[in-house]
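Novice: Below are the structure tokens for one structure; questions will follow.
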């Protein structure tokens with residue numbers, strides 16, 4: 001990656017050199033997501049029709065609920081490793097590695113690789129979810145108070161209800177922003193694992209948090225760079241090009257932070 005060029009320039013250079021394969025990857029991701037959405041919709045429609053026609057009260061032990069649970073597990077078992085393989089391939093081509101397109105299925109090469117990829121994806125997702133729950137906890141408490149005052153009987157309670165409603169909105173927004181900012185410490189976990197596949201999950205989390213100290217603004221740059229691309233994909237730019245752009249910009253920024261961490265002695269790349 002040319003450090004003298006901007007993030008958009010480096011990203012456009014990578015896109016230009018791999019546009020055909022990246023379009024194919026984007027279409028495969030969209031097709032897979034559409035397939036799971038279609039199956040879920042069909043199960044939901046079947047459940048809605050049968051529920052209205054036959055059952056008078058809802059049961060959690062219906063066949064449809066079992067299908068939904070199995071579908072969700074299947075979604076995690078297939079999509080998560082597949083998405084991680086796509087992320088790995090985009091990272092490789094972004095840093096100049098000539099990896100073939102079959103690398104998007106690299107997480108399915110061996111049972112050990114599959115288990116490790118699935119565990120990495122799920123455990124990191126749970127860590128991020130934990131911080132969102134913690135940061136949004138005050139808003140949940142305020143929401144509970146709003147439920148108690150849902151029918152204010154006088155002007156004083158009505159004023160209190162309005163104040164609590166504003167506080168709830170502020171806590172919701174602040175909680176999401178704070179959780180997103182705290183979760184930036186996990187920004188390099190995937191890229192560290194791509195560089196060193198033998199790295200343990202706990203070690204990757206520790207190194208990522210260590211390397212991201214004082215560099216969260218650089219990670220935010222990649223997210224802010226996506227804002228005009230999202231708007232362009234809605235108005236002018238095809239949505240199919242947004243997926244490669246998102247992975248590339250994130251990969252380029254992740255690689256730059258890793259190189260800075262290596263210079264500071266915070267991380268060692270193979």
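Novice: Order of 70, 230 from fewest to most other C-beta atoms within 10 Å? Mind dumping the intermediate values first?
Specialist: Values: 70 11, 230 14.
By the 10 Å Cβ count, ascending: 70, 230.
Novice: Considering all projection directions equally, how large on average is the shadow of the alpha-carbon convex hull of segment 64-212, in square nanometres?
Specialist: 12.7
Novice: Still on this model: By count of other Cβ within 10 Å, fewest leading, how are 104, 243, 69 ordered?
Specialist: Numbers: 104 23, 243 19, 69 10.
Ascending number of Cβ neighbours within 10 Å: 69, 243, 104.
Novice: On to the next question. Using a Förster distance of 51 Å, how high is the FRET efficiency between residue 263 and residue 146, based on the Cβ-Cβ distance and rounded to 0.05?
Specialist: Working: r = 50 Å, r/R0 = 0.99.
That pair, residue 263 with residue 146, gives E of 0.50.
Novice: With no solvent and one equal point scatterer placed on each C-alpha of segment 128-185, evaluate the Debye formula and give log10 I(q)/I(0) for q = 0.20, 0.24 Å⁻¹, two decimals.
Specialist: -0.69, -0.84
Novice: Now a separate question. Arranged by the count of other C-beta atoms within 10 angstrom, fewest first, what order do 107, 172 take? Could the numbers behind the result be given before it?
Specialist: Numbers: 107 24, 172 17.
Ordered by Cβ neighbours within 10 Å, fewest first: 172, 107.
The numbers here are math on the coordinates, done by the rules we state, and not lab data. Only a predicted model underlies this, so the values are computations on that prediction, with no experimental measurement involved. Because the Cβ atoms are built from the backbone with ideal geometry, glycine has one as well, and the counts that use them run over all protein chains shown.
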